[in-house]
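K.L.:
Sharing a structure here in structure tokens format.
The values are calculated or read from the model by the stated rules, or taken from the named source; none is laboratory data. Because the structure is a prediction, the values reported are computed rather than measured. With ideal geometry, Cβ positions are generated from the backbone for all residues, glycine too; neighbour counts draw on all protein chains shown.
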Amino acid sequence: MKNAGFTLMEILVALAIAVTLTGVVGLALLPKLQSSKVDAARLQLAGFRTALELYQSDNGVLPTPQQGLAALVRAPATPPVPARYPEGGYLDKLDVPADPWGREYAYLVPGPGGKPFDVVCYGSDGEEGGEGAAADLSCWR
């Protein structure tokens, strides 16, 4: 009776094919992954803008730089304390979400160009400036 099974050479060839296919697919998907992170950051920034506008509409003021974006998930204890803070806050999260690269968003009061505020994501590199996935994103653009 002949031994049933694969030879070492057959296993190595199959492994080489699997590794090659994984590499090709991975390289094809990498740009899509970065693009989806940029899209996710834009969506989060739009959510921050809406939440901050609602906060200002309800309370007559924006959160201070010291209160930061945390004021959107729990009522601030430092002045100015909002008089009409909704139960559950202004975001549907328990904590302020990080950007898609795992870093905090920058909250600026006042914002540049005469805007009352800005929320900024510094892109994939986490530094000001950049191009492509490393470009800065603002809640106003």
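K.L.:
Which of (1) under 26 Å from residue 36 (Cβ atoms); (2) assigned to a loop (DSSP other than H, G, I, E, B) is the odd one out, the single condition residue 48 does not satisfy?
P.N.:
So the condition that residue 48 fails would be (2).
K.L.:
Moving on to the next point. Collect the residues in the stretch 4-18 that are surrounded by 10 or more Cβ atoms within 10 Å (Cβ to Cβ) and either of a type in the set (Val, Ile, Thr) or not in a helix (DSSP H, G or I) (or both), keeping them in residue-number order. I'd like the intermediate steps shown before the answer.
P.N.:
Filtering the stretch 4-18 down to residues surrounded by 10 or more Cβ atoms within 10 Å (Cβ to Cβ) leaves 6, 10-18.
Passing the criteria: 6, 11, 13, 17.
K.L.:
Follow-up question, since we're still on this one. Tell me, please, whether a residue that is at positive phi, free of Cβ contacts under 8 Å to residues at least 60 places away in the same chain and within 23 Å of the chain's Cα centre (by Cα) can be found in the stretch 82-91.
P.N.:
Yes, some residue in the stretch 82-91 is at positive phi, free of Cβ contacts under 8 Å to residues at least 60 places away in the same chain and within 23 Å of the chain's Cα centre (by Cα).
K.L.:
While we're looking at this one, here's another question. Looking only at the stretch 101-112, which residues are surrounded by 13 or more Cβ atoms within 10 Å (Cβ to Cβ) and either at pLDDT below 95 or under 13 Å from residue 68 (Cα atoms) (or both)?
P.N.:
Scanning the stretch 101-112 gives 101, 104, 105, 106, 107, 108, 109, 111.
K.L.:
Mind checking which pairs have a first residue in the stretch 61-75 that is surrounded by 15 or more Cβ atoms within 10 Å (Cβ to Cβ) and a second that is assigned to a helix (DSSP H, G or I), Cβ under 6 Å, 6 or more apart or different chains?
P.N.:
So the pair list comes out as 62/56; 63/71; 72/51.
K.L.:
Given 115, 93, which one is more than 18 Å from residue 35 (Cβ to Cβ), touching a strand residue (DSSP E or B) at 6+ places or on another chain (Cβ under 9 Å) and surrounded by fewer than 18 Cβ atoms within 10 Å (Cβ to Cβ)?
P.N.:
115
K.L.:
Further question on the same structure: Could you list, in sequence order, the residues of the stretch 96-112 that are over 21 Å from residue 38 (Cβ atoms) and in contact (Cβ under 8 Å) with a residue 24 or more places away in the chain?
P.N.:
Taking the stretch 96-112 as the starting set, the residues that turn out to be over 21 Å from residue 38 (Cβ atoms) are 109-110.
Residue satisfying the conditions is 109 alone.
One line per residue, one yes/no per condition, for (1) acidic (Asp, Glu); (2) assigned to a loop (DSSP other than H, G, I, E, B):
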residue	(1), (2)
57	no, no
62	no, yes
71	no, no
77	no, yes
83	no, yes
87	yes, yes
91	no, yes
97	no, yes
110	no, yes
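K.L.:
If a residue has to be surrounded by fewer than 17 Cβ atoms within 10 Å (Cβ to Cβ) and touching a helix residue (DSSP H, G or I) at 6+ places or on another chain (Cβ under 9 Å) to count, how many in the stretch 118-133 make the cut?
P.N.:
Number of matching residues: 4.
K.L.:
Quick one: is residue 116 part of a loop (DSSP other than H, G, I, E, B), touching a residue at least 60 places away in the same chain (Cβ under 8 Å) and within 20 Å of residue 67 (Cβ to Cβ)?
P.N.:
yes
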